[in-house]
1. Quickly run through segment 140-165 and pick out the residues that are surrounded by 13 or more Cβ atoms within 10 Å (Cβ to Cβ), assigned to a helix (DSSP H, G or I) and out of contact with any Phe, Trp or Tyr (no Cβ under 7 Å at 6 or more places or on another chain).
2. Restricting to segment 207-264, name every residue that is under 19 Å from ALA182 (Cβ atoms) and among the small types (Gly, Ala, Ser).
3. How many residues does segment 129-139 hold that are surrounded by 19 or more Cβ atoms within 10 Å (Cβ to Cβ) and either of a type in the set (A, V, I, L, M, F, W, C) or out of contact with any Pro (no Cβ under 9 Å at 6 or more places or on another chain) (or both)?
4. Please give the number of the condition PHE224 fails out of (1) surrounded by fewer than 17 Cβ atoms within 10 Å (Cβ to Cβ); (2) within 22 Å of the chain's Cα centre (by Cα).
5. Go through (1) touching a strand residue (DSSP E or B) at 6+ places or on another chain (Cβ under 8 Å); (2) surrounded by fewer than 14 Cβ atoms within 10 Å (Cβ to Cβ); (3) within 30 Å of ALA38 (Cα to Cα); (4) aliphatic (A, V, I, L, M) one by one and return the number of the condition ILE177 breaks.
6. Give the number of residues within segment 215-254 that are of a type in the set (D, E, K, R) and touching a helix residue (DSSP H, G or I) at 6+ places or on another chain (Cβ under 6 Å).
7. Being crowded, with 20+ Cβ neighbours inside 10 Å and over 16 Å from VAL84 (Cβ atoms) is the filter here, so list the residues in segment 94-127 that pass it.
8. Take the conditions over 21 Å from the mean Cα position of the chain (by Cα) and assigned to a helix (DSSP H, G or I) and apply them to ALA95. Does it pass?
Amino acid sequence: MIKYILCCCFWLHAQNIHAAPLQRILALTPHVCEMLYAIGASANIVGAVDYCNYPEAAKALPRVGNYQGINVEAAWRLKPDVAVVLSRSTKGVAALEALGVDIVVSNPSSFDGIFQSLLLLGTLTNHSQEAIELVSQQRLRLIAVQRKARTNLRVFYEVWHAPLIAAGGTSFINALIDDAGAINIFSQITLEAPRVNVEAVIRGKPDVIIIPGETHDLQARQLFWEKWLGKKHIHFVTVPADLMHRPGPRLIEGLEILQHLLKK
């Protein structure tokens, strides 16, 4: 645990962010919104972006943008001290920084990254103890999953179907598959979400195809892959997209669900 606290202190220093609590925060990515609620710092959130929809109370937050960009004028009216963003390259982030808003990047690619972000947000909001306790609980759950027997199942995770996009080796989804005890057939691709073709999936010889539930016509996708891979040896798994696609406090729940489904 000391290692993670030290990492957070270094991150604060590296980004020129003062360790004193910052009271007005723009949560400009859904997973950060969830993190702030999870550590009891919801009162610090003054604005959010589209898809910040969990917990229910987050739906009432003022919206100042989406993944494509930030409405700088609307964001500035909320008098923020800090904006927590997925990337500095997001449109509008540089303008906010020029106005004096401190920028913090949170884009975890693993559970260690998630734990770092939680501890950092705890420091920024004066909720360090809550963040430390949450990280401790989640680390125990992660260890419990990792200790279970590995399945060695080969998995294709279909992030999207048109175009066909897989979970690559640098994605946190790849890390989830590994933690669950399975093997991502595209783990060797050093991209987060590579475009692939049907032939590459066939060559990967997956035992399981994972399809996010909220973003696909599940029956159509199953029929599609059965046509190419056959019906006998392919197992289809449906997972909740929000639990698998957001590197936030609910990702551990997504991992536990994934491991349970892979063992069926």
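The values are calculated or read from the model by the stated rules, or taken from the named source; none is laboratory data. Worth saying up front: this structure is predicted, and the values here are computed from it rather than measured. Positions of Cβ are generated from backbone atoms using ideal geometry, with glycine treated the same way; all protein chains shown enter the neighbour counts.
1. The answer is ARG141, VAL145, GLN146.
2. GLY213, ALA241, GLY254
3. Just the residues of segment 129-139 that are surrounded by 19 or more Cβ atoms within 10 Å (Cβ to Cβ), to begin with: 131, 134-135, 138.
Next cut, either of a type in the set (A, V, I, L, M, F, W, C) or out of contact with any Pro (no Cβ under 9 Å at 6 or more places or on another chain) (or both) only: 131, 134-135.
Total satisfying the criteria: 3.
4. (2)
5. Checking ILE177 against (1) touching a strand residue (DSSP E or B) at 6+ places or on another chain (Cβ under 8 Å); (2) surrounded by fewer than 14 Cβ atoms within 10 Å (Cβ to Cβ); (3) within 30 Å of ALA38 (Cα to Cα); (4) aliphatic (A, V, I, L, M), the one that fails is (2).
6. Filtering segment 215-254 for residues of a type in the set (D, E, K, R) gives 217, 221, 226-227, 231-232, 242, 246, 250, 253.
Okay, now just the ones that are also touching a helix residue (DSSP H, G or I) at 6+ places or on another chain (Cβ under 6 Å), so 246, 250, 253.
So the count comes out to 3.
7. PHE111
8. Values: over 21 Å from the mean Cα position of the chain (by Cα): yes; assigned to a helix (DSSP H, G or I): yes.
Here the answer is yes, as ALA95 does meet what is asked.
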